[in-house]
Amino acid sequence: MTIRFALSQGSSSLKRSVMRDLLALTTRPGMISFAGGLPADELLPRDQLQDCLDTVFRRDGAQALQYGPPYAPLKEQIAFYMQGRGVACTADDIFITNGSQQGLEILSRLLFDSNASAIVEDYTFTGILQATRGHEVGLIPVPTHLQNGVDVDALKAAFRTHPTIRAAILIPDFHNPLGASVPAANRARIVELAAQYHVPIIEDDPYSPLRFEGEVVPPIKASDESGSVIYLGSFSKMLAPSMRLGWMVAPRELLPRLTVIRESIDLESSQLIQRAVAEFMARGHLAPHLTKLNAANRVRRDAMVEALARELGDLARWNTPEGGLFLWLTLPEGTDAKAIFHEAIEQNVAFVPGYAFSAADCLSSNSLRLNFSNATAKEIEEGIGRLAGVVRGNLKQLTTSQYLV
Ligand SMILES: Cc1ncc(COP(=O)(O)O)c(C=O)c1O
């Protein structure tokens, strides 16, 4: 006999992780994967982190292995980093998390319930969809464009017409999955609108440190005078995902509640990891690490756009992001990236079909996300060649089946 569990409304909408299913298919030997959002293994600062961990063990002993409050020197380092990005804050404004995903969940618990609605971008990070849907909040998707990111006029229209909006969750830099970035002028408008309509903005920003060309654009939070923006930062992409460490810059009056919510999830971040990351930053390792990482990512981005131009230039469109980890590929109308995904897996090349990121639950799309950071330039060339073969084969089948109908 098996017990039938009665599930909460929120959890019953979360049936299966599409991402986990897709990514599981991408790990087999010989696979060239453009699917994940990972930094390359060989670019992780292993020796430096090892050194920092050794120092922490020697210097802090048992303290590094205990429960403990958020590590003050890490908050100082993060505040200094954020000041450098134009955000007026001190260590007292920094709330440490176990990564941005945890930040999204904590904020969802704080802000959302079934009577409320939240704005998300029409294509957005799957973790945003999971955190919000888990709290039954009504999602209002707003278009996001490859050129300028979220459509500010559409955002304004949504603010005006939906009085129950509790927050808008945006990814303004090197968007996941689109690779798009919001220009400075549009950021200024977003802050103005947030203040005017009293809608908090959750600025989810794991990717801005990964800029490899173009002008640096300050975060939305940098021009937030009304305290409307909650900023989420992460060490996952700029340092190493397994640190599971990130931060929020949030209005101070929210911090006590955020702390209580967080304590219901876990009892603070690892002392060991917080201390090692603080040491990494205090030694000045972060800036040179990012320079090296971004230089390598640029070569990989170039390899991908060159291969796309060569292999699919007559059929497909894509953007050329100035940083981050992803670009967005659009295939001819009528193609279904989900069908192509399964054929591509057979040819040992993987990507994530666009529908997985859709806030509107669309089940097919002719677009897909390509990661360029986790394969070498040579693998990228080979992988895009394989992908192009699959796309062309699929189009041929489509054309033939049109004649058969
Ligand atoms: C836009 C966005 N937000 C948040 C996250 C989660 O990051 P973290 O590893 O810090 O939890 C990701 C991870 O891919 C992401 O792309």
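The values are calculated or read from the model by the stated rules, or taken from the named source; none is laboratory data. Note that the structure is a prediction, hence the values are computed from the model and not measured. Note: ideal-geometry Cβ built from the backbone for every residue, glycine included; neighbour counts use all protein chains shown. All accessible areas refer to the heavy atoms of the entire protein, side chains included, with ligands and DNA or RNA removed. Shrake-Rupley method; radii C 1.70, N 1.55, O 1.52, S 1.80 Å.
Limited to the range 191-215, what total is found for residues that are assigned to a helix (DSSP H, G or I) and among the charged types (D, E, K, R)? I'd like the intermediate steps shown before the answer.
In the first step, residues of the range 191-215 are kept if they are assigned to a helix (DSSP H, G or I); the result is 191-197, 208-210.
Narrowing further to those that are among the charged types (D, E, K, R): 192.
The qualifying residues number 1.
State yes or no: is Pro218 more than 16 Å from the ligand (Cβ to nearest atom), part of a loop (DSSP other than H, G, I, E, B) and either more than 21 Å from Pro321 (Cα to Cα) or of a type in the set (A, V, I, L, M) (or both)?
Values: more than 16 Å from the ligand (Cβ to nearest atom): yes; part of a loop (DSSP other than H, G, I, E, B): yes; either more than 21 Å from Pro321 (Cα to Cα) or of a type in the set (A, V, I, L, M) (or both): no.
For Pro218, the condition - more than 16 Å from the ligand (Cβ to nearest atom), part of a loop (DSSP other than H, G, I, E, B) and either more than 21 Å from Pro321 (Cα to Cα) or of a type in the set (A, V, I, L, M) (or both) - is not met.
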Self-check item: Hits in the range 55-76 (condition: of a type in the set (Asp, Glu) and open to solvent by 60 Å² or more (accessible area, probe 1.4 Å))
Solution: Glu76
Quiz item: Would a scan of the range 236-251 turn up a residue that is closer than 15 Å to Lys75 by Cβ, among the charged types (D, E, K, R) and open to solvent by 40 Å² or more (accessible area, probe 1.4 Å)?
Solution: no
Quiz item: For the range 166-182, does any single residue satisfy the condition of being open to solvent by 60 Å² or more (accessible area, probe 1.4 Å) and either of a type in the set (Ser, Thr, Tyr) or in contact (Cβ under 8 Å) with a residue 24 or more places away in the chain (or both)?
Solution: yes
Quiz item: With (1) more than 30 Å from Arg300 (Cα to Cα); (2) within 16 Å of the ligand (Cβ to nearest atom); (3) of a type outside the set (S, T, N, Q); (4) open to solvent by less than 40 Å² (accessible area, probe 1.4 Å) as the list, and Val152 as the residue in question, which single condition is left unmet?
Solution: (2)
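Quick check, is Leu329 more than 30 Å from Leu53 (Cα to Cα) and either over 23 Å from the mean Cα position of the chain (by Cα) or open to solvent by less than 30 Å² (accessible area, probe 1.4 Å) (or both)? Give the steps one after another, and end with the answer.
Values: more than 30 Å from Leu53 (Cα to Cα): yes; either over 23 Å from the mean Cα position of the chain (by Cα) or open to solvent by less than 30 Å² (accessible area, probe 1.4 Å) (or both): yes.
Judged against the criteria, Leu329 is a match.
So if I check each of Gly10, Gly36, which one is open to solvent by less than 80 Å² (accessible area, probe 1.4 Å) and under 30 Å from Phe372 (Cα atoms)? Explain how you work it out, then say what you get.
Numbers: Gly10 fails: under 30 Å from Phe372 (Cα atoms).
Among Gly10, Gly36, only Gly36 is open to solvent by less than 80 Å² (accessible area, probe 1.4 Å) and under 30 Å from Phe372 (Cα atoms).
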Practice problem: Please work out if Gly233 is assigned to a strand (DSSP E or B), open to solvent by less than 60 Å² (accessible area, probe 1.4 Å) and in contact with a helix residue (DSSP H, G or I) (Cβ under 9 Å, 6 or more places away or on another chain). | Solution: yes
Self-check item: Breaking point among (1) touching a His at 6+ places or on another chain (Cβ under 7 Å); (2) at pLDDT below 95; (3) within 15 Å of the ligand (Cβ to nearest atom), for Gln130
Solution: (1)
Exercise. Check off (1) free of Cβ contacts under 8 Å to residues at least 60 places away in the same chain; (2) open to solvent by 40 Å² or more (accessible area, probe 1.4 Å); (3) not in a helix (DSSP H, G or I) for Ser365 and give me the number that stays unchecked.
Key: (2)
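Condition check ((1) open to solvent by 30 Å² or more (accessible area, probe 1.4 Å); (2) away from the ligand (no atom under 16 Å from the Cβ)) across all residues:
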{"position": "Met19", "(1), (2)": "yes, no"}
{"position": "Ala88", "(1), (2)": "yes, yes"}
{"position": "Ala91", "(1), (2)": "no, yes"}
{"position": "Thr97", "(1), (2)": "no, no"}
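Matching residues to (1) open to solvent by less than 20 Å² (accessible area, probe 1.4 Å); (2) more than 10 Å from the ligand (Cβ to nearest atom); (3) touching a Ser or Thr at 6+ places or on another chain (Cβ under 8 Å):
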| residue | (1), (2), (3) |
| --- | --- |
| Ala195 | no, yes, yes |
| Asp204 | yes, no, yes |
| Ser208 | yes, yes, no |
| Asp224 | no, yes, no |
| Val229 | yes, yes, no |
Exercise. Among the residues of the range 99-125, write down those that are buried (at least 21 other Cβ atoms within 10 Å of the Cβ) and either over 19 Å from the mean Cα position of the chain (by Cα) or at pLDDT below 95 (or both).
Key: Phe112
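Is it the case that Ser117 is more than 26 Å from Gly10 (Cα to Cα) and out of contact with any Cys (no Cβ under 6 Å at 6 or more places or on another chain)?
Working: more than 26 Å from Gly10 (Cα to Cα): no; out of contact with any Cys (no Cβ under 6 Å at 6 or more places or on another chain): yes.
No; evaluated as a whole, the condition is false for this residue.
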Quiz item: All but one of (1) closer than 30 Å to Arg369 by Cα; (2) open to solvent by 10 Å² or more (accessible area, probe 1.4 Å); (3) outside any helix (DSSP H, G or I); (4) without any contact (Cβ under 8 Å) to a residue 40 or more places away in the chain hold for Ala188; which doesn't?
Solution: (3)
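State the number of residues belonging to the range 118-160 that are among the polar types (S, T, N, Q) and closer than 14 Å to Asp204 by Cα.
Residues of the range 118-160 that are among the polar types (S, T, N, Q), as a first pass: 124, 126, 130, 132, 144, 147-148.
Restricting the remaining residues to those that are closer than 14 Å to Asp204 by Cα gives 124, 126, 132.
Going through the range 118-160 one residue at a time, the tally reaches 3.
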Quiz item: Got a sec? Which of Ala194, Ala154, Ala185 is at pLDDT 95 or above, hydrophobic (A, V, I, L, M, F, W, C) and under 16 Å from Ser228 (Cβ atoms)?
Solution: Ala194
